[in-house]
1. Assess whether GLY55 counts as being more than 14 Å from VAL102 (Cα to Cα), outside the structural domain of THR261 (by TED's automatic domain parsing) and out of contact with any Cys (no Cβ under 9 Å at 6 or more places or on another chain).
2. The conditions are (1) within 18 Å of GLY49 (Cα to Cα); (2) loosely packed, with under 15 Cβ neighbours inside 10 Å, and LEU93 fails exactly one of them. Which is it?
3. Can you name the condition, by its number, that PHE8 falls short on among (1) part of a loop (DSSP other than H, G, I, E, B); (2) in contact with a Ser or Thr (Cβ under 8 Å, 6 or more places away or on another chain)?
4. Look at VAL108 and say whether it is modelled with pLDDT of 95 or more, β-branched (Val, Ile, Thr) and either closer than 16 Å to GLY262 by Cβ or assigned by TED's automatic domain parsing to the domain that holds ALA265 (or both).
5. Could you list, in sequence order, all residues of the range 63-77 that are surrounded by 18 or more Cβ atoms within 10 Å (Cβ to Cβ), out of contact with any Lys or Arg (no Cβ under 8 Å at 6 or more places or on another chain) and over 14 Å from ASP163 (Cβ atoms)?
6. Which of the residues spanning the range 232-261 are surrounded by 18 or more Cβ atoms within 10 Å (Cβ to Cβ) and part of a helix (DSSP H, G or I)?
7. Can you say whether ALA189 is closer than 24 Å to ARG66 by Cα, part of a loop (DSSP other than H, G, I, E, B), under 17 Å from the mean Cα position of the chain (by Cα) and small (Gly, Ala, Ser), as far as the supplied structure shows?
8. Of all residues in the range 148-163 being touching a strand residue (DSSP E or B) at 6+ places or on another chain (Cβ under 7 Å) and part of a loop (DSSP other than H, G, I, E, B), which is nearest to GLY279 (Cα to Cα)?
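The values are calculated or read from the model by the stated rules, or taken from the named source; none is laboratory data. Bear in mind that the values here come from a model prediction, so they are computed numbers and not experimental data. When we count neighbours, we look across all protein chains shown, and the Cβ atoms used for this are built from the backbone with ideal geometry, even at glycine.
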Amino acid sequence: MSQSIHDFHDDPRNAAIRIWINGTLKPRAEATVSVFDSGFVLGDGVWEGLRVIDGHPVFLDEHLDRLYEGAKAIALDIGLDRATLTRALYDTLAANDMHDGVHMRLMVSRGVKRTPYQDPRVTIGPATVVIIPEFKVAKPETLARGLTLFTVHVRRGFPDVQDPKLNSHSKLNCITACIQATEAGADEALMLDPHGFVATCNSTHFFIVRKSEVWTSTGDYCLGGITRANVLRACHEAGIPCFEKNFSLTQVYSADEAFTTGTFAGLAPVRRIDGRTIGNDGDGALPGPMVARLQVLYRELVARDVAFRAGVRLA
């Protein structure tokens with residue numbers, strides 16, 4: 001049975017979480033926004049997902065860079081500077097006594113409208129800012145068995161249609177890709193760019209390993225992934241040949257290893273794509289040697305960032 005890489009085992013502690021909404025912490029059952037909110041009416045907003053380790057949101061600077069860049073691109077005034085938003089994240093963690101095994105969703109919409117219409121000028125209030133913290137980790141059994149991907153007909157489009165670099169609430173193309181992959185019995189959709197080269201997955205980034213080289217797409221048609229960038233960084237630091245380049249499904253099917261990256265699950269090995277088993281021993285244990293090495297290198301980067309973040313908080 002297919003399962004998303006974002007699946008998790010329910011944690012009863014999540015029933016009592018307190019959610020940050022525009023400066024107020026509210027119990028889960030009372031945490032609501034208006035039906036006239038821009039995010040609900042139109043998907044007009046930007047967001048980030050954050051993994052929390054040892055009490056700190058990992059790679060927070062990079063996530064905030066992407067959030068504020070996206071907000072500026074759509075002329076959205078978040079209404080909070082980085083220091084204030086950072087304090088809100090930590091206050092939310094403290095209010096919920098959260099330290100590890102936590103995922104946070106930081107969402108910003110343009111705010112409440114006086115009528116449900118797309119024009120930003122009918123917005124009548126400040127931006128809506130929401131922070132949802134949950135005790136949530138990727139299912140270890142999903143990571144152990146490896147993901148199954150299916151190449152869908154839904155493409156990652158040109159930036160003049162909807163820029164893939166914009167981490168907006170409007171994710172309908174990814175949702176339709178996910179639906180097609182699910183109906184095909186896969187865990188995640190593999191999406192091509194307008195030229196037919198491999199771009200990314202519907203909710204994660206995609207890599208292959210060929211002859212001890214690590215390949216990922218050019219990045220022209222996918223979100224600027226934080227984990228993706230850190231995997232490339234880890235490769236460079238360790239002297240592992242890595243390339244952002246165009247490659248086709250033919251090269252994917254004959255890869256030695258494949259994996260996805262994302263904030264929620266980190267590096268997740270891929271076992272099958274479009275009915276093809278990846279690697280000569282694809283029915284054996286996962287992860288493969290390169291993915292296993294990169295998982296260790298990525299965890300080391302995470303540890304360095306957490307140590308840095310702890311130092312900043314103590315200063």
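1. The answer is no for GLY55.
2. Result: LEU93 passes all but (2).
3. Result: PHE8 fails condition (2) only.
4. no
5. Correct list: HIS63, LEU67.
6. If the condition is that a residue be surrounded by 18 or more Cβ atoms within 10 Å (Cβ to Cβ) and part of a helix (DSSP H, G or I), then LEU232, ALA234, CYS235, VAL252 are the ones that fit.
7. So ALA189 does not fit the description; no.
8. Going through the range 148-163, the residues touching a strand residue (DSSP E or B) at 6+ places or on another chain (Cβ under 7 Å) turn out to be 148-152, 154-156.
Filter again for part of a loop (DSSP other than H, G, I, E, B), leaving 152, 154-156.
Details: VAL152: 22, VAL154: 26, ARG155: 26, ARG156: 26 Å.
Across the range 148-163, the extreme among qualifying residues is VAL152.
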